[in-house]
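One structure below.
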Amino acid sequence: MKINSTFGRTAAVPALVGGLLLASACGSSSSSSSFSSPKDGVSATEITIGMSSDVTGPAASNYLPYTSGVKAYFDAVNGKGGINGRKVNVVVLDDQSQAPKGVSNYRRFVTQTPALAFTGLNSTQQSAVAAQSRANNLPFVGSIVTGADMMKPFNKNFYSLACTYPDQAEVAVAFMVEQLGLAAPRIMTSQTPVASGNEWASVVKELVQKAGGTLVANHVTEYGALNEDVFGRDVADKKPDMLIAHGATSTAQVTMKSLAKFGVKNLPIGTAAVLQDGSVPATAPGVVNSYYAFNCYTAPGAAGADGEPLIAAAKAAGLEAKVYDRPEFTQGYTIAMVMAKAIEGAGDRPTRDAVQQQLDKLNELDNGALSPAVTFSPDDHVGIAGVRPYKYNPSSGAFEPVGEFDDYAGCLTNYYVTRSLDSWNKDCIK
Amino acid sequence: MAADSRILAVENLTVTFGGVHALNDVSFTLSARRIAAVIGPNGAGKSTLFNCITGVQRPTRGTVTCGGRSLLGQRPHQIARQGIARTFQNLALLPESTVEENVLLGRYQHTRTGMLAGMLRGPRARREEREQREYVGGILEDCGLAPLRYEEVRSLPYGVRKKVELARALVQDPKLLLLDEPMAGMDSREKAELSDLVLRYVDDHDVNVLMVEHDMNVIMGLAEEIVVLDFGRKIAHGTPGEVRNDPLVIEAYLGAEFQSTEEDAPEHELAQSTQQTRQAGE
Amino acid sequence: MASFIQDIVSGIATGSIYGLVAIGLVLVYKSTGVFNFAHGEFVALSAFLLTSLTAALGAGWLAIVAVLVIVPILGVLVHYLIIRPMMGKPLLATVMTTIGLGLALRALILILYGPDPRQFDGPIPSNAVDIGSVRIAVSDLLTIGIAVVCLLLFGLFFTRSSLGLQMRAVANQMEASILSGVNASRIYAVAFGVGALLAAVAGVLLASTSVVSVQLSNLALIAFPAVIIGGISSVQGAIVGGILVGVLEKLAEAYASQQAAIAVVYAVLLAVLLLRPQGILGTREAMRA
């Protein structure tokens, strides 16, 4: 207990006695030691986990399931007595996908309401806090996306638990080109104006050229646009063989409406993980021929027995299927699991530094059919390596995995370490 | 009582703007005479008095009653619907609308059709609108504006616009008509026309007129009763003859010259005084 | 050339919706002096209401009619419950109230409907027709047609009806109108009601051609420049401004990028403010502040 030096002696004594009584009272009600470290977000009885997510903004359909996954896992942990006797308190702040809000939320968890670990933010927000996150010691355990600025150069505090956009693109281009069996495919891309969108568009372009195809055009879709008529008209005019898309559910739905408006039909679409959402192809059924999302997480309902604990936790939290039966829910659940594992490993005295040491040692944490195994090392913080296609089934509305993660391992160049797509070739699928 | 409903009584009326008295303890009762005037130099409180009567200005102290009923606490449109109409010194017309539309505006208080029914334009609403247009037509005729009925106001000369403004007040069928400098900016022929119009209207209708006017010839010709304000205080109240000879009034406002030149003007022979106004202007 | 014409048509269709929203803003501003920053939320609310009423009533047409009745009533209620008590208070306070109302409506939508976008399968067809080499979406033609009809009806109401006359009178000569016996508060209520009706029409058109999401509220952000470009005091200006913004946006999008579209719109706004501060069709004397 720290006593302000300006405190008079007479005032300090009762305060100190009171503080000790409080501390001992707390200590007796819990099995843990009386260790606390407020600057790490750890009290004798509670651990604070910070989260900044889009709960009510334009990308909420992606970020709400993720947020729910994190909370559902820790709810389950708390139900079993918490971690080493401490309850986990997940504090979620809404950032509505706005960079300034995300930055201030993140800062708050660094010092004002210190958290033991943090998760959240989209790629643009990650870029905005990248420098800060290198300068403090708050473990930042992923988000549903991983921004390139967090990975380049190496950031000891950031642990990626998303399939990176280069990974997704590498499998997506190889798979879509193979599906169509075209020697010189003509491809269009789309992206939202965020950091990951730019990365997606530039990697896909390079891969398409390596596969002998041409990138006909890239369209930037805007959050909140009423329509994407110019995009729709352009697709109708240029008739690409396929669309390889990035975006958010809302922008993608608007795009589908505009494609329908201009009479686009039977277009094969491959998308980044964020567009693994049945409401997108369902918006304009005739437009889509086949709809694949490239992801490293499987929705609980499509993961068989491995998904059951997630569904149970979700139901215990009172969530609806449209929230929990999504890959983002699995991802949030997995991120929470990784955090819990590291905090547990840090034992009775969990601090940010101790949690980091544990994260760095995490090796081959098995996640069954839900995702590839999670591995970190002190100099490699890409925790998930592996992507596979998920095919949209229009009759069930669900996404079904195509093959195993291993089948596509040959397509990955480990771009964030090698910094090069040179080893990629279009015939990489097993 | 019809006569009572026209009687305006002001008691201890005080309006203070940040410590300055625009009106200071002003009391007067207008008897059942037909045309009264408020005179006084600029800043005497004439406009504030009008604003208190119409409910636009809430007095700091005092009461205003019309026909025995207090006007304080009523909203301006309710006061208007009680039969108090006014014109504005600076024209308050819709320049891009026609004469008829501008005048019709004063007639809506006599509409009984509900707003929704009016919007849906049922047969009753249509009949009522036709009746109102006929009434407006009659007043336009009286004002000599009938040929200009469908003209846009912005295309009309100033003097005609003044008449349009008067017509809008007249269609309200007022019990008390407040005229704010109705003659300002008019030439002598127009002034005479307007004076005639007011006199004819007063003859035919059960109405009292209270006017603010700077043209002494007009005042002396039309008003049967005059209230004189100076720096927010009432300094005189009486017939034109009484007011004209009041030493306080002479000092504050009228000036010696006016007193001598107008001394022999007849006071109550209205036709004659109008005649005189006409001559004085020429 | 074909794609140029297509983009122009898309621009006019999108701009017609901006125009409808802009007229609602201008109408309320002109008659009450209040710039209603919650107007966009009325558009979004109408669209969401349409989805739940379609589910409840079973038929899209019925739901559309219901929305066009309910939303104007909400507009009138907003006047009586929120705007009227603010009358006589400083204008800034009233404007802040509308901003607060907008945030509250946005929160209400999120509480009632959640953050996921919704769909409305309305009676507006989603196919396109080929006119020569030009492919035009049927929904665009319908949108333009409906907007034109609305604008004509609104114009007749504003210039020919007694309510319209009273509305113009209160807007331009408030004191004289009130002292002629016009009940200004009731006219304000009508202005809010008609403004809400125009927002509801825009909401229905957007639900049919776009996606129902709380982002529709942001429409007001693009309608504001339309209002300023057209002239804040001019109803016709709002339409011209709306269509101009829509067409500029689509052309910029087609020949540069979507991000450039926003920049182009605001550059035109800036140019208009510099060269003709009262807007293209605005009048100088009607500028209030």
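The values are calculated or read from the model by the stated rules, or taken from the named source; none is laboratory data. Please read all numbers here as calculations on a predicted model, not as lab measurements. Every residue, glycine as well, gets a Cβ built from its backbone with ideal geometry; the counts of neighbours run over all protein chains shown. Protein only, heavy atoms only, side chains kept; ligands, DNA and RNA dropped before computing areas. Shrake-Rupley method; radii C 1.70, N 1.55, O 1.52, S 1.80 Å.
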For the range A:226-239, indicate whether the set of residues that are under 23 Å from A:Gly403 (Cβ atoms), among the polar types (S, T, N, Q) and outside any helix (DSSP H, G or I) is non-empty.
no
Could you tell me which of the residues B:Arg124, B:Arg161, B:Arg130 is open to solvent by 60 Å² or more (accessible area, probe 1.4 Å), touching a Leu at 6+ places or on another chain (Cβ under 8 Å) and within 14 Å of another protein chain (Cβ to nearest Cβ)?
B:Arg161
Among the residues of the range B:52-84, count how many are within 25 Å of B:Asp206 (Cα to Cα) and more than 9 Å from chain C (Cβ to nearest Cβ).
15
Any chance A:Phe109 is assigned to a helix (DSSP H, G or I), touching a strand residue (DSSP E or B) at 6+ places or on another chain (Cβ under 7 Å) and either surrounded by 24 or more Cβ atoms within 10 Å (Cβ to Cβ) or in the same structural domain as A:Phe329 (by TED's automatic domain parsing) (or both):
yes
Looking at the range A:273-290, which of its residues are in contact with a Gly (Cβ under 8 Å, 6 or more places away or on another chain) and either farther than 26 Å from A:Ala162 by Cα or in contact (Cβ under 8 Å) with a residue 60 or more places away in the chain (or both)?
A:Val274, A:Gly278, A:Ala282
Subset tally (residues that are surrounded by 16 or more Cβ atoms within 10 Å (Cβ to Cβ), over 20 Å from A:Thr375 (Cβ atoms) and over 22 Å from the mean Cα position of the chain (by Cα)) for the range A:385-420
0
Every residue from the range B:201-224 that is among the charged types (D, E, K, R) and either part of a helix (DSSP H, G or I) or in contact with a Phe, Trp or Tyr (Cβ under 9 Å, 6 or more places away or on another chain) (or both)
B:Asp203, B:Asp204
Check whether at least one residue in the range A:244-252 is more than 10 Å from every other protein chain (Cβ to nearest Cβ), in a strand (DSSP E or B) and in contact (Cβ under 8 Å) with a residue 40 or more places away in the chain, and report yes or no.
yes
Can you report the number of residues in the range C:199-213 which are more than 9 Å from every other protein chain (Cβ to nearest Cβ), open to solvent by less than 10 Å² (accessible area, probe 1.4 Å) and assigned to a helix (DSSP H, G or I)?
6
Please go through the range C:71-116 and pick out each residue that is over 14 Å from C:Phe192 (Cα atoms) and among the charged types (D, E, K, R).
C:Lys89, C:Arg106, C:Asp116
In the range C:169-178, which residue that is in contact with a helix residue (DSSP H, G or I) (Cβ under 7 Å, 6 or more places away or on another chain) and open to solvent by 10 Å² or more (accessible area, probe 1.4 Å) is nearest to the other protein chains (Cβ to nearest Cβ)?
C:Ile178
Condition first: of a type in the set (Val, Ile, Thr) and either touching a Gly at 6+ places or on another chain (Cβ under 9 Å) or not in a helix (DSSP H, G or I) (or both). Can you find one or more residues in the range B:141-157 that meet it?
no
C:Ala196: under 30 Å from C:Leu110 (Cβ atoms), within 14 Å of chain B (Cβ to nearest Cβ) and either of a type in the set (Val, Ile, Thr) or open to solvent by less than 10 Å² (accessible area, probe 1.4 Å) (or both), yes or no?
no
Being closer than 30 Å to C:Ala66 by Cβ, among the β-branched types (Val, Ile, Thr) and within 14 Å of chain B (Cβ to nearest Cβ): is that true of C:Val235 here?
yes
Tell me yes or no: at least one residue of the range C:6-22 is surrounded by fewer than 19 Cβ atoms within 10 Å (Cβ to Cβ), part of a helix (DSSP H, G or I) and within 14 Å of another protein chain (Cβ to nearest Cβ).
yes
Keeping to the range A:258-302, report how many residues are over 24 Å from the mean Cα position of the chain (by Cα) and either among the charged types (D, E, K, R) or not assigned by TED's automatic domain parsing to the domain that holds A:Leu180 (or both).
2
